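Undergrad: Take a look at this one; I'll ask things after.
The values are calculated or read from the model by the stated rules, or taken from the named source; none is laboratory data. Quantities reported herein were computed from a predicted structural model and do not represent experimental measurements. Counting neighbours? That spans all protein chains shown, and the Cβs are built from the backbone with ideal geometry, glycine included.
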Amino acid sequence: MERRPADRPLIWINCAVSADGRLAYAEGRRARLSSPEDLERVHRLRAHSDAILVGIRTVLLDDPGLGVDWERIGEPERPGPLRLVVDSQGRTPPSARVVDGRAPTLLLTTRAGAARTPPGVPTLVAGDRRVDLAEAFRALRGRGVERVLVEGGGEIIASVLAEGLFDRWTVYLAPCVIGGRSAPTVVAGEDRPPRRPSLPLRLRSAERLAEGVLLTWEPALPAEAESRP
């Protein structure tokens with residue numbers, strides 16, 4: 001049974017990474033890491049989410065549509081989930097697929113970035129110069145959004161994890177190695193101070209999926225977290 005947060009949607013992070021923990025090739029060039037079996041799983045997750053969230057860097061680098069492949073999952077086509085973009089500075093291009101009108105879109109932005117977003121695209125302002133995710137998630141819950149699928153990139157995943165704003169995290173570990181210095185890691189963001197404790201997780205499941213491995217994590221329970229380094 002899923003534990004439903006009281007004041008925000010259920011937040012499910014999902015990503016595919018190489019065996020060495022990279023989300024993409026050097027300089028963020030897209031890497032197709034999911035197997036056909038994992039892609040089916042991802043589209044089922046999308047189909048049963050109220051919203052899909054990505055950061056502006058993902059929009060600029062990959063131009064995702066964030067739609068559901070209904071044929072792939074064998075379900076009748078219906079309106080897709082709300083598409084959410086975290087865009088603090090209003091950099092979403094008017095030509096981006098995420099604002100193509102094929103599904104509803106909401107830009108999560110700031111007071112500073114709101115005036116620079118594409119005309120006609122709805123916005124939710126949360127924060128002054130950086131999107132306040134906790135505030136944005138509370139506002140989304142108030143709009144009836146009960147389940148959000150976070151798909152990246154590494155900066156957004158880092159923020160959601162660091163602020164404890166997640167309930168489940170699935171990682172498809174692909175059978176390949178990317179390597180290099182500039183290939184983005186699954187969790188980016190600021191370096192943790194040496195004395196700051198690591199983020200404790202609780203393993204929910206680990207299973208083989210095609211030639212890869214699917215790991216599912218949850219936040220550690222308070223008693224478990226206290227016993228971790």
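Residue-by-condition table, conditions (1) surrounded by 18 or more Cβ atoms within 10 Å (Cβ to Cβ); (2) touching a strand residue (DSSP E or B) at 6+ places or on another chain (Cβ under 8 Å); (3) modelled with pLDDT of 95 or more:
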| site | (1), (2), (3) |
| --- | --- |
| VAL125 | yes, yes, yes |
| PHE137 | yes, yes, yes |
| GLY153 | yes, yes, no |
| ALA162 | no, no, no |
| ASP167 | yes, yes, yes |
| TYR172 | yes, yes, yes |
| PRO175 | no, yes, yes |
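Undergrad: In addition: I'm told GLY144 meets every condition in (1) small (Gly, Ala, Ser); (2) surrounded by fewer than 20 Cβ atoms within 10 Å (Cβ to Cβ); (3) over 30 Å from TYR25 (Cα atoms); (4) free of Cβ contacts under 8 Å to residues at least 60 places away in the same chain except one. Can you identify the failing condition by its number?
TA: (4)
Undergrad: Next question, about the same structure. If you take the residues in the range 182-203 that are of a type in the set (Lys, Arg) and in a loop (DSSP other than H, G, I, E, B), which one is modelled with the highest pLDDT? Walk me through it before giving the result.
TA: Residues of the range 182-203 of a type in the set (Lys, Arg): 192, 195-196, 202.
Now narrow it down to the ones that are in a loop (DSSP other than H, G, I, E, B): 192, 195-196.
Working: ARG192: 77, ARG195: 72, ARG196: 71.
My answer is ARG192.
Undergrad: Please work out which one of (1) touching a helix residue (DSSP H, G or I) at 6+ places or on another chain (Cβ under 8 Å); (2) of a type in the set (S, T, N, Q); (3) assigned to a loop (DSSP other than H, G, I, E, B) is the condition SER49 fails and give its number.
TA: (1)
Undergrad: Right, another one. When the range 52-103 is examined, which residues are found to be closer than 17 Å to PHE137 by Cβ and either part of a loop (DSSP other than H, G, I, E, B) or of a type outside the set (Lys, Arg) (or both)?
TA: First, pick out the residues of the range 52-103 that are closer than 17 Å to PHE137 by Cβ: 52-55, 81-88.
Correct list: ILE52, LEU53, VAL54, GLY55, PRO81, LEU82, LEU84, VAL85, VAL86, ASP87, SER88.
Undergrad: It is to be established whether one or more residues within the range 92-114 are modelled with pLDDT of 95 or more and under 24 Å from PRO222 (Cα atoms).
TA: No; the residues of the range 92-114 include none that is modelled with pLDDT of 95 or more and under 24 Å from PRO222 (Cα atoms).
Undergrad: When only residues in the range 31-51 that are under 17 Å from VAL171 (Cβ atoms) and among the aliphatic types (A, V, I, L, M) count, which is modelled with the lowest pLDDT?
TA: ALA31
Undergrad: Let me ask something additional. Return the pair list, or none, for Cβ contacts closer than 8 Å from residues in the range 83-108 that are closer than 20 Å to VAL148 by Cα to residues that are surrounded by fewer than 15 Cβ atoms within 10 Å (Cβ to Cβ) and hydroxyl-bearing (Ser, Thr, Tyr), at least 6 apart or on different chains.
TA: Listed by first residue and then by second, the contacts come to nothing, as the list is empty.
Undergrad: Output yes when any residue across the range 124-132 is in a loop (DSSP other than H, G, I, E, B) and touching a helix residue (DSSP H, G or I) at 6+ places or on another chain (Cβ under 8 Å), and no when none is.
TA: Of all residues in the range 124-132, those in a loop (DSSP other than H, G, I, E, B) come to 126-132.
Imposing the further condition that a residue be touching a helix residue (DSSP H, G or I) at 6+ places or on another chain (Cβ under 8 Å) reduces the set to 126-127.
Checked the range 124-132: at least one residue is in a loop (DSSP other than H, G, I, E, B) and touching a helix residue (DSSP H, G or I) at 6+ places or on another chain (Cβ under 8 Å).
Undergrad: While we're here: Would you mind telling me which numbered condition in (1) crowded, with 17+ Cβ neighbours inside 10 Å; (2) within 26 Å of CYS176 (Cβ to Cβ); (3) out of contact with any strand residue (DSSP E or B) (no Cβ under 6 Å at 6 or more places or on another chain); (4) modelled with pLDDT of 95 or more GLY28 fails?
TA: (4)
Undergrad: Which members of the range 63-89 meet the condition of being at pLDDT below 95 and buried (at least 17 other Cβ atoms within 10 Å of the Cβ)?
TA: Across the range 63-89, the qualifying residue is only GLY80.
Undergrad: I need every pair where a residue in the range 173-196 that is under 21 Å from THR58 (Cα atoms) and free of Cβ contacts under 8 Å to residues at least 24 places away in the same chain has its Cβ under 9 Å from the Cβ of a residue that is acidic (Asp, Glu) and surrounded by 11 or more Cβ atoms within 10 Å (Cβ to Cβ), sequence separation at least 6 or different chains.
TA: none
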